[in-house]
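First comes the structure, then the notes that go with it.
The values are calculated or read from the model by the stated rules, or taken from the named source; none is laboratory data. Values in this document were obtained by computation on a predicted structure and should not be read as measured data. No Cβ is skipped: glycine too gets one built from the backbone with ideal geometry, and neighbour counts run over all protein chains shown.
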Amino acid sequence: MADPTSGVIVTQQGVDVVIAADYQKVVDTRWRFLDIQFEQEFTISHADSGATHWWVEKLFDHNLGFLPAFNYRAISLDNGGNSFVTINNSLLQIIATDTSVYLRNLYVSGDPTTPIVLKCFIRLYNLDITTEYAAPISFGVPGAPVLEPDIGIKILTNEGDINSTDLSKFTIDTKGKAFAIQQTGVRTAASPDYSLTIDHHLGYPPTYFLAQVKRANEWNSVFKDPLGVDTIFPMVVPFGARIVADTNNVIVKGSQSALAGSYAFLITKEPTELAV
Amino acid sequence: MTQGLLVFGQSGSPTGQDLAYDSRKSRLQVSLVDTPPKLAILDNFPGGTALVSNVTTQQREVLEVIKHNLPFTPEVFLYIYTKTYGGSNTDPKAGGYGGQAYFYSGSAGTIEDKITFEVDANEFRIVHTLDDFLYGGGYVSDAPKYILRLKYYILANDSHVDSYSLSGDAL
């Protein structure tokens with residue numbers, strides 16, 4: 001996307017819009033934001049699972065036309081008496097395609113009458129993190145003040161009270177920050193080192209997220225996805241002892257070949273002057 | 001909703017990602033003015049004490065408690081950077097950068113020694129835990145050798161669960 005010559009920039013109180021660093025801005029329409037396209041609780045019930053194949057239940061259509069970033073929280077799970085079915089394991093998954101979001105399960109013999117029941121909350125973003133993108137960066141003048149605002153801008157997302165103190169009711173509130181996008185893309189872990197290198201060159205270890213991407217041709221044998229299309233997994237903050245970071249890269253390593261395949265990443269703009 | 005504020009991108013098309021701003025969509029938000037802070041860097045943060053493992057019971061210490069004063073259990077993000085290990089910033093265990101949890105040690109499923117988080121309707125906690133699965137007891141935590149820099153976000157967005165931790169499960 002070309003750098004627009006017109007747009008809107010809103011800075012924190014006391015900061016000149018011309019010299020503001022990124023962390024001193026609340027809005028810059030040259031940036032992308034992690035806009036929430038959809039968020040809702042679901043209850044899914046499935047009985048009579050097959051022992052040797054995936055079953056798939058569609059949760060909803062998003063129709064965005066790309067693999068969207070999303071995450072979820074499991075609220076409760078009744079595993080129907082099958083202890084192999086647990087929350088967040090590799091067999092019970094929530095995935096998205098470029099049109100829909102599904103719950104699927106693999107290789108668990110199900111009771112034909114006692115269903116697996118999952119209640120969960122899904123938050124899906126209007127953002128394709130599988131495309132290569134890097135936002136423009138503005139560096140600030142040292143010492144530019146950031147004060148607690150007594151003036152500012154608030155825009156409600158929907159019907160509500162403009163005097164509400166609940167930040168989530170506002171799409172803009174200059175007392176807070178929304179996550180803006182610094183960089184997205186896809187990196188691949190493969191033999192022999194099975195690591196992902198996210199080259200950001202920001203000068204500090206950034207705030208970042210990962211989401212596994214499975215292309216339709218990457219599924220094999222019993223793991224072949226019955227949907228037969230590209231899929232993306234929930235976006236998470238990766239954890240472990242084998243992630244290192246410096247001023248230029250975040251390098252994520254798996255244990256032996258545990259980390260393999262393609263992963264989309266999201267690096268956000270830092271909301272304050274400080275970064276880890 | 002029929003009202004809102006839209007700012008179009010370069011193409012001028014009010015669809016998809018070229019819509020530079022759309023007030024109809026909410027976002028993940030973090031307050032910059034709340035006390036205690038909803039977003040902070042905790043520098044030179046001690047990794048924890050030398051907990052000793054027990055075969056039957058998880059050993060645990062709470063390192064930091066932050067009351068969030070939100071009317072729900074919020075989404076939180078915790079990033080953990082290992083500044084030094086044993087006083088050295090060149091040791092291979094320095095420069096580590098985990099999110100939500102950092103494993104001090106955990107070989108072959110015998111020991112799980114980590115710093116991580118818990119959150120519920122009242123507070124966000126940074127905790128050090130030590131689990132002994134097959135070691136047999138008596139493992140001494142490596143935590144005191146670590147000096148950390150932590151960054152946390154307590155978002156103004158409802159997680160829709162009562163509480164959660166690294167596993168994502170209710171506590």
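A quick yes/no check of all residues on (1) more than 8 Å from chain A (Cβ to nearest Cβ); (2) of a type in the set (Lys, Arg); (3) in contact with a helix residue (DSSP H, G or I) (Cβ under 6 Å, 6 or more places away or on another chain):
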residue	(1), (2), (3)
B:Ala121	yes, no, no
B:Arg125	yes, yes, no
B:Leu130	yes, no, no
B:Gly138	yes, no, no
B:Pro144	yes, no, no
B:Leu150	no, no, no
B:Ile154	yes, no, no
B:Asp162	yes, no, no
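Looking at this structure, is A:Thr114 modelled with pLDDT of 70 or more and within 13 Å of chain B (Cβ to nearest Cβ)? Spelling it out, it is not the case that A:Thr114 is modelled with pLDDT of 70 or more and within 13 Å of chain B (Cβ to nearest Cβ). For first residues located in segment A:7-34 and among the basic types (Lys, Arg), partners that are assigned to a loop (DSSP other than H, G, I, E, B) and modelled with pLDDT of 80 or more and lie 6+ apart or on another chain with Cβ distances below 9 Å form the pairs A:Lys25/A:Val17; A:Lys25/A:Trp31; A:Lys25/A:Lys269; A:Arg30/A:Ala135; A:Arg32/A:Ala135.
Among the residues of segment B:90-122, those that are within 13 Å of the chain's Cα centre (by Cα) and in a strand (DSSP E or B) comprise B:Tyr97, B:Gly98, B:Gly99, B:Ala101, B:Tyr102, B:Phe103, B:Lys114, B:Ile115, B:Thr116, B:Phe117, B:Glu118, B:Val119. Listed by first and then second residue, the pairs with beta-carbon distance under 7 Å, at least 6 apart or on different chains, first residue in segment A:38-52 and at pLDDT below 90 and in a loop (DSSP other than H, G, I, E, B), second acidic (Asp, Glu) and surrounded by 12 or more Cβ atoms within 10 Å (Cβ to Cβ), are A:Ala47/A:Asp111. Residues in segment B:151-163 that are part of a strand (DSSP E or B) and surrounded by fewer than 21 Cβ atoms within 10 Å (Cβ to Cβ): B:Asp158 only.
The set of residues in segment B:26-51 that are more than 7 Å from every other protein chain (Cβ to nearest Cβ) and among the β-branched types (Val, Ile, Thr) comprises B:Thr35, B:Thr49. Of the residues making up segment B:45-79, those that are touching a Gly at 6+ places or on another chain (Cβ under 9 Å) and either outside any loop (DSSP other than H, G, I, E, B) or surrounded by 14 or more Cβ atoms within 10 Å (Cβ to Cβ) (or both) number 8.
Just for segment A:210-221: of the residues that are out of contact with any Phe, Trp or Tyr (no Cβ under 7 Å at 6 or more places or on another chain) and among the hydrophobic types (A, V, I, L, M, F, W, C), which one is modelled with the highest pLDDT? Among those residues, the one meeting the criterion is A:Ala216. Within segment A:168-187, the residues that satisfy the criterion of being closer than 30 Å to A:Gln212 by Cβ and facing chain B (nearest Cβ under 8 Å) are A:Ser168, A:Thr171, A:Lys177, A:Ala178, A:Phe179. Considered as a group, the residues in segment B:124-144 that are of a type in the set (D, E, K, R) and buried (at least 19 other Cβ atoms within 10 Å of the Cβ) include one that is farthest from B:His68 (Cα to Cα), and that residue is B:Asp132.
Just one of B:Asp91, B:Asp113, B:Asp120 is crowded, with 16+ Cβ neighbours inside 10 Å and over 26 Å from B:Lys38 (Cβ atoms); which is it? Break it down into steps so the answer makes sense when it comes.
Details: B:Asp91 fails: crowded, with 16+ Cβ neighbours inside 10 Å; B:Asp120 fails: over 26 Å from B:Lys38 (Cβ atoms).
Just one listed residue meets the conditions, B:Asp113.
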